[in-house]
Amino acid sequence: MTIRKLLVLLVLTCLPALAADKPKLTFDEFFNAVDFPAVKLSPDGQAVVICTERADWDQNIFRKDLWLYRDGVLTQLTRSGHDADPEWSPDGRWVAFLSDRKLPGAADDSDHADPKDDTSQLYVISPTGGEAIPVTKAEEEVHAFAWASDSNSLYYATRQPLTKEQKDTNKKDWKDVIRYRDGERGDTIFSIDLAGAMARAQALGTTPADDANNAPDATPGSRPVARTPWHVEDIAVSPNGQRLAFSTASVSERQERVGEFEIFSVDPAGASPDQAPKQLTHNEAVEENPQWASDNKHIFFQVDQGSVEGKYKDAQKRLYIVDADSTEVKRWAADFHGAVNTYSVVGDGIVASGRTGTEVQFYSQHSPSDKFSRNTGWPGTYENINTATGSPRVAFVYSALQKPNEVYLAESIDKLQDARPITSFNKLFTERDLPQGKPYQWKAEDGTMVEGMLIYPPGKFEVKNLPMFVLIHGGPADADGNHFEADWYQWDRLAAGQGWLVFEPNYRGSTGYGDNFMAQIVPEIVSRPGKDILEGVDQLVKEGIADASHLTIGGYSYGSYMTNWLITQTTRFKAAVTGAGAIEHVANWGNDDMTFDDAYFLGGVPWDAAQRYHDEAAIFQMNKVKTPTHIVGGEDDIRVAVAEDYLLDHVLHNLRVPSTLLIFPGEGHSLSKNPWHGKIKVREEMKWLEKYGEIKPN
């Protein structure tokens, strides 16, 4: 035996011992993971602003703070716990951001309607430190903004402000009555001079100017640039500052008419705010994330729902570019088999993260006719990619199964493998004995290959005959893979630590496997992916990987749809945990804020596809259910109305099937308000699996 082979053998022999020396991840540690919603490189590439999100158990919030990385040093830039969406000024002197922190002086505004504590306003802060300076103060929240190209002003969007007379009339005539639709109004995009706003903040505090002229309740010094009957989602300013583009959504923020989701442009200097902006897109797609190319003529945008090319049809996430003069639209990454997740503009081209199978890798493309080429990097998942206008550097978030997410900085896209981490917020996870995992494939009855992930209990990688928990991802346009996540939604590592082999199936409807694979759930929205999942379970049992006598199942959102359906199709699962999932489709179509998807997946609206709405609904087969089921839901959920959770609970109670229901107050579809809610959710779900799954935790 050679010395080299002997050394390799010794290393491999020591690996289990090294893993065993690490303590197991605790329940509390799991929920202290830090996420990175935003990563922004300075224009010169010398600094990075990072937004972190973590649980604050004392304040009962997910706190968001901004951090600055420069010259190898990471410092905290803001500390309110309410700061997000940072953007550098083009000259690099300021960072603007949105915050729903309480404005100084707001409590003393006796003559004006005070902004609510959760009303986002626009702030700026110097990257050299100091206090954040409020740029806006109005009753309406700021929900989109962008810097002017000269860094001397900012554009921001709010709902069309009301005059004092209008507010008084509404209060007199309507009291506290909600006028659904009739009370809705569109947005105004304003421009505000930065120096003037800062001077007013310093000289006058943050108290608005006197409203003696019955002016709308807008920030003093603001100039209206454009008005739209729709809600402004994103604003983008051309590099030369001569054009402003914005994407829109419905004023109710529900997807009911596809024509409310488009991209528009306006001349911010010369146009009258009453002049209709130029509509650049006319299609049945939901456009999002517009960014200008360096030629000041073209605008990149993404589509996650609907079709640019024709009648509404969901495909994997795509990237397009529109000519702001001719309105001609071209698709980028047209040769790519997977989904384009995030992107950043580099000159007239782009860099992007793209999903194929269980990997999310780094890609680049220089023109629509060029190949969408993969850049050499590490196996795993790249997210939140960001570039600089004056530097080849690139920043991103990277993670893998056993490598927690952190922010990295590479000198160029050609040097991804030499990228260095610039944060270590999740270092603790590297010091724990984490589960190992791998992709797993099986063949469906029609010959289609389906893939998923297997996450093994720590120290039991590839051990046979394990109790198995089937954890189904939501979407359905999503996928599980080689990434790290630790939260109330993706808690596979906790389940594995409890002793479960966790099976995460990327059933038909998932992304990363081609548009045809994704579309094959239409119009069999639950029955087709349900067969994929059960066939995967069958193969795992047949191969002796999973213990047939200890099978459990669960999921949230669309994963809950599937769970609710599958417990009507088989009694093999000893326990189920489900949350925010429907058991019928008519009322859910009427309450869902994404009705485009519902009608598309089911082949039409309820009156045009009544039989399909019936056949794909779990409620009409609930008499078959024997599985003890744990249910959760957000009190204010409008993605999947909480009524669906009550309906499921009532059905199971009527059938005398063991069940329990937890409702989280103030929460919508995502449990993003109070971290205790998600922690309690998972705690009780783990207890449910242990009790009815009949296993003893490791």
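The values are calculated or read from the model by the stated rules, or taken from the named source; none is laboratory data. None of the values given here were measured: they were computed from a predicted structure. Positions of Cβ are backbone-derived with ideal geometry, glycine not excepted, and every protein chain shown enters the neighbour counts.
Can we say Gln402 is over 25 Å from the mean Cα position of the chain (by Cα) and of a type outside the set (Gly, Ala, Ser)? Walk me through how you get there before you give the answer.
Numbers: over 25 Å from the mean Cα position of the chain (by Cα): no; of a type outside the set (Gly, Ala, Ser): yes.
Taking the combined requirement at face value, the residue does not satisfy it.
Do you know which residues across segment 622-660 are over 27 Å from the mean Cα position of the chain (by Cα) and in a loop (DSSP other than H, G, I, E, B)? Val625, Lys626, Thr627, Pro628, Arg656, Val657, Pro658 - these are the residues of segment 622-660 that are over 27 Å from the mean Cα position of the chain (by Cα) and in a loop (DSSP other than H, G, I, E, B).
Only residues that are in a helix (DSSP H, G or I) and either surrounded by fewer than 17 Cβ atoms within 10 Å (Cβ to Cβ) or of a type outside the set (Ser, Thr, Tyr) (or both): list them for segment 600-609, please. If the condition is that a residue be in a helix (DSSP H, G or I) and either surrounded by fewer than 17 Cβ atoms within 10 Å (Cβ to Cβ) or of a type outside the set (Ser, Thr, Tyr) (or both), then Phe601 is the only one that fits.
Looking at the structure I just gave you, is Gly666 under 30 Å from Phe596 (Cα atoms) and surrounded by fewer than 22 Cβ atoms within 10 Å (Cβ to Cβ)? Break it down into steps so the answer makes sense when it comes.
Working: under 30 Å from Phe596 (Cα atoms): yes; surrounded by fewer than 22 Cβ atoms within 10 Å (Cβ to Cβ): yes.
Judged against the criteria, Gly666 is a match.
Where helices (runs of 4 or more DSSP H) fall entirely within segment 471-545, those with at least 2 residues that are of a type in the set (Asp, Glu) are at 527-542.
Can you find a residue in segment 620-631 that is surrounded by fewer than 23 Cβ atoms within 10 Å (Cβ to Cβ) and touching a Pro at 6+ places or on another chain (Cβ under 7 Å)? Yes, because at least one residue in segment 620-631 is surrounded by fewer than 23 Cβ atoms within 10 Å (Cβ to Cβ) and touching a Pro at 6+ places or on another chain (Cβ under 7 Å).
Among residues of segment 517-544 that are more than 13 Å from Pro476 (Cβ to Cβ), those with a Cβ under 6 angstrom from a residue that is surrounded by fewer than 22 Cβ atoms within 10 Å (Cβ to Cβ) and among the aromatic types (Phe, Trp, Tyr), sequence gap 6+ or separate chain, pair up as Gly536/Trp442; Gln539/Trp442. For segment 125-172, the set of residues classified as assigned to a strand (DSSP E or B) and over 25 Å from the mean Cα position of the chain (by Cα) consists of Ile125, Ile133, Pro134, Ser153, Leu154, listed by residue number. Residues considered: Ala55, Ala84, Ala33. Of these, the only one that is at pLDDT 95 or above, among the small types (Gly, Ala, Ser), crowded, with 19+ Cβ neighbours inside 10 Å and not in a loop (DSSP other than H, G, I, E, B) is Ala55. The single condition among (1) under 22 Å from Leu74 (Cα atoms); (2) in contact with a helix residue (DSSP H, G or I) (Cβ under 9 Å, 6 or more places away or on another chain) that Gly390 does not satisfy is (2). Evaluation of Ser373 against the conditions (1) in contact (Cβ under 8 Å) with a residue 12 or more places away in the chain; (2) more than 23 Å from Asp71 (Cα to Cα) shows that the sole unmet condition is (1). Of all residues in segment 176-202, those that are under 16 Å from Ser250 (Cα atoms) and touching a Gly at 6+ places or on another chain (Cβ under 8 Å) total 0.
Just to be sure, is Arg612 of a type outside the set (Ser, Thr, Tyr), part of a helix (DSSP H, G or I), surrounded by 14 or more Cβ atoms within 10 Å (Cβ to Cβ) and assigned by TED's automatic domain parsing to the domain that holds Met686? Break it down into steps so the answer makes sense when it comes.
Numbers: of a type outside the set (Ser, Thr, Tyr): yes; part of a helix (DSSP H, G or I): yes; surrounded by 14 or more Cβ atoms within 10 Å (Cβ to Cβ): yes; assigned by TED's automatic domain parsing to the domain that holds Met686: yes.
Criteria met by Arg612.
Considering each residue of segment 295-321, count those that are aliphatic (A, V, I, L, M) and farther than 26 Å from Thr595 by Cβ, and give that number. Break it down into steps so the answer makes sense when it comes.
To start, the set of residues in segment 295-321 that are aliphatic (A, V, I, L, M) comprises 299, 303, 308, 315, 319, 321.
Among the residues that remain, those that are also farther than 26 Å from Thr595 by Cβ are: 299, 321.
Here the count works out to 2.
Selection within segment 180-206: residues that are within 19 Å of Leu162 (Cβ to Cβ) and hydroxyl-bearing (Ser, Thr, Tyr). The member of this set that is modelled with the highest pLDDT is Thr188. Only a single item in (1) assigned by TED's automatic domain parsing to the domain that holds Ile350; (2) in contact (Cβ under 8 Å) with a residue 40 or more places away in the chain is not met by Ser412, and it is number (2). Of all the listed residues (Gly633, Gly603, Gly590), the sole one being touching a residue at least 60 places away in the same chain (Cβ under 8 Å) and small (Gly, Ala, Ser) is Gly603.
Per this entry, Tyr561 is counted among residues that are surrounded by 22 or more Cβ atoms within 10 Å (Cβ to Cβ) and either touching a Pro at 6+ places or on another chain (Cβ under 9 Å) or not assigned by TED's automatic domain parsing to the domain that holds Ser659 (or both).
When Glu233 is tested against (1) of a type in the set (Asp, Glu); (2) outside any loop (DSSP other than H, G, I, E, B); (3) at pLDDT below 95, exactly one condition is not met: (3). Taking residues in segment 161-173 that are more than 14 Å from Glu139 (Cβ to Cβ), and partners anywhere that are modelled with pLDDT under 90, the pairs with Cβ atoms closer than 7 Å and at least 6 places apart or on different chains are Glu165/Asn214.
Any residue that is out of contact with any strand residue (DSSP E or B) (no Cβ under 9 Å at 6 or more places or on another chain) and either farther than 30 Å from Val329 by Cα or surrounded by 15 or more Cβ atoms within 10 Å (Cβ to Cβ) (or both) - is there at least one of those in segment 417-432?
At the first step, the residues of segment 417-432 found to be out of contact with any strand residue (DSSP E or B) (no Cβ under 9 Å at 6 or more places or on another chain) are 431.
If we keep only those that are either farther than 30 Å from Val329 by Cα or surrounded by 15 or more Cβ atoms within 10 Å (Cβ to Cβ) (or both) too, we end up with 431.
Checked segment 417-432: at least one residue is out of contact with any strand residue (DSSP E or B) (no Cβ under 9 Å at 6 or more places or on another chain) and either farther than 30 Å from Val329 by Cα or surrounded by 15 or more Cβ atoms within 10 Å (Cβ to Cβ) (or both).
When segment 297-316 is filtered for residues that are assigned to a strand (DSSP E or B) and surrounded by 19 or more Cβ atoms within 10 Å (Cβ to Cβ), the ones remaining, listed by number, are His298, Ile299, Phe300, Phe301, Gln302, Val303, Asp304, Gln305, Gly306.
Could you list, in sequence order, all residues of segment 440-495 that are among the small types (Gly, Ala, Ser) and under 29 Å from the mean Cα position of the chain (by Cα)? Don't jump to the end; show me each part of the working.
Applying the first criterion (among the small types (Gly, Ala, Ser)) to segment 440-495 yields 444, 447, 452, 459, 474-475, 477, 479, 481, 486, 495.
Of everything in segment 440-495, those that are among the small types (Gly, Ala, Ser) and under 29 Å from the mean Cα position of the chain (by Cα) turn out to be Gly452, Gly474, Gly475, Ala477, Ala479, Gly481, Ala486, Ala495.
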